[in-house]
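Presented below is the structure to which this report refers.
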Amino acid sequence: MKSLKGQIALVAGGTRGAGRGIAMELGAAGATVYITGRTTRNELSEYGRPETIEETAELVNDLGGVGIAVQVDHLVPEQVQTLIERIEKEYGKLDILVNDIWGGEYLVDWNNASVWEHSLEKGLRMLRLAIDTHLVTSHYALPLLIKNEGGLVIEMTDGTKEYNSKNYRSPMFYDLAKSSVIRIAEGLARELEQHYCTAVSLTPGWMRSEIMLDHYGVKEENWRDATKKEPHFVISETPRYVGRAVAALAGDPKVSRWNGQSLSSAKLAQVYGFTDLDGSKPDCWRYLVEVQEADKPANAEGYR
């Protein structure tokens, strides 16, 4: 990976999951990373989970970067504005913005509930967390980012444009949340192009986040035990894999070639040559279509 020393990054939504993996890999490349989220060592968010932004910052520091934890609710414009003013005051620039804010896992009715069956309150809250937060953050952050050419915006989502356009990501609220972020990236690409900056959307594959590991009752060290319950979990990847995708994009002097595109960790691994922590290159989206949805037995051979 190219060194990102001297680069200033904001990982909005970096408490856990993909955000934490991205912050860690940016730190490993030498970047200074602001990590925002609602859960701190002194205050829990509605998630009620133990991961904190301070932990993420410490992990960034341990890998050689500079991690700065800032508690921010990205649905509160004043808090986001204050954050960006702080970054400008402390460093005078913003090179990388990763919009990873989500926070909706526990709001989704995963039983394929129709729109009239799904909780309206939870569904609308999901959309606010997935879409409004990204728009609020871009509104305040992009004037700082475009002060210098070469800025990079990464909109994190679930699924590529190709996959999501062919598959209904039930329930409807979830489908809208994840597809809308891809459209946001396309719009930002148009608006940023004149400032010689780049915007893309990016998805991991089946990610072994803290929540997913807890769901299967395993740790990262023994994650393969989860395949006894869900055999297709064999294609899963760590949050660091998509983190390496972000670091690769940030270090690419020709990153503008991707402007407006929908990307995946697997696709970028093939281009840039990085691997997951175990040295493999999981290709989840191809596996999903060719194996899982084709009702073939779970077998990741040729897909890792």
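The values are calculated or read from the model by the stated rules, or taken from the named source; none is laboratory data. Owing to the predicted nature of the structure, the values given are computational and were not obtained by experimental measurement. Virtual Cβ from ideal backbone geometry, glycine too; neighbours counted across all protein chains shown.
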Select, from 279, 260, the only residue that is in contact with a helix residue (DSSP H, G or I) (Cβ under 8 Å, 6 or more places away or on another chain) and either over 15 Å from residue 204 (Cβ atoms) or assigned to a helix (DSSP H, G or I) (or both).
260
For residue 252, indicate whether it is surrounded by 18 or more Cβ atoms within 10 Å (Cβ to Cβ), in a loop (DSSP other than H, G, I, E, B) and at pLDDT 95 or above.
no
For residue 101, only one of the following conditions fails: (1) among the β-branched types (Val, Ile, Thr); (2) more than 22 Å from residue 87 (Cα to Cα); (3) under 14 Å from the mean Cα position of the chain (by Cα). What is its number?
(2)
Given the residues 280, 256, 265, which is the only one that is closer than 18 Å to residue 20 by Cβ and not hydrophobic (A, V, I, L, M, F, W, C)?
265
Based on what the data block shows, is residue 51 more than 23 Å from residue 155 (Cβ to Cβ), modelled with pLDDT of 95 or more and acidic (Asp, Glu)?
no
Yes/no for residue 241 being out of contact with any Ser or Thr (no Cβ under 7 Å at 6 or more places or on another chain), in a helix (DSSP H, G or I) and crowded, with 19+ Cβ neighbours inside 10 Å
no
Test of understanding: among 291, 218, which residue is of a type in the set (A, V, I, L, M, F, W, C), touching a helix residue (DSSP H, G or I) at 6+ places or on another chain (Cβ under 8 Å) and more than 25 Å from residue 164 (Cβ to Cβ)?
218
Of the residues that sit in region 282-293 and are farther than 18 Å from residue 227 by Cα and surrounded by fewer than 17 Cβ atoms within 10 Å (Cβ to Cβ), which one is farthest from the chain's Cα centre (by Cα)?
290
Picked from region 213-223 (must be assigned to a helix (DSSP H, G or I) and out of contact with any Phe, Trp or Tyr (no Cβ under 8 Å at 6 or more places or on another chain)), the residue surrounded by the most Cβ atoms within 10 Å (Cβ to Cβ) is 215
From (1) closer than 15 Å to residue 201 by Cα; (2) touching an Asp or Glu at 6+ places or on another chain (Cβ under 8 Å), pick out the condition that doesn't hold for residue 165.
(2)
Give region 169-198 a look and list any residue that's of a type in the set (Gly, Ala, Ser) and in a loop (DSSP other than H, G, I, E, B), or say none.
170
Enumeration of residues in region 224-238 that are surrounded by 23 or more Cβ atoms within 10 Å (Cβ to Cβ) and part of a helix (DSSP H, G or I):
235
Condition check: touching a Ser or Thr at 6+ places or on another chain (Cβ under 6 Å) and more than 13 Å from residue 263 (Cβ to Cβ). Does residue 161 satisfy that?
no
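Can you say whether residue 298 is under 23 Å from residue 198 (Cα atoms), in contact with a helix residue (DSSP H, G or I) (Cβ under 7 Å, 6 or more places away or on another chain) and in contact (Cβ under 8 Å) with a residue 12 or more places away in the chain, as far as the supplied structure shows?
no
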Restrict the check to region 116-134 and report whether at least one residue is surrounded by fewer than 21 Cβ atoms within 10 Å (Cβ to Cβ), in contact with a Pro (Cβ under 9 Å, 6 or more places away or on another chain), at negative phi and not basic (Lys, Arg).
yes
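How many residues are among the hydroxyl-bearing types (Ser, Thr, Tyr) and in a helix (DSSP H, G or I) when one looks only at region 282-304?
Step one: of region 282-304, the residues among the hydroxyl-bearing types (Ser, Thr, Tyr) are 287, 303.
Those still in the list that are in a helix (DSSP H, G or I) too: 287.
The number of residues fulfilling the criteria is 1.
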Here are some residues: 208, 304. Which one is farther than 27 Å from residue 12 by Cα, surrounded by 16 or more Cβ atoms within 10 Å (Cβ to Cβ) and touching a residue at least 24 places away in the same chain (Cβ under 8 Å)?
304
Expected single match for modelled with pLDDT of 95 or more and more than 23 Å from residue 146 (Cβ to Cβ) among 31, 23, 18 is 18
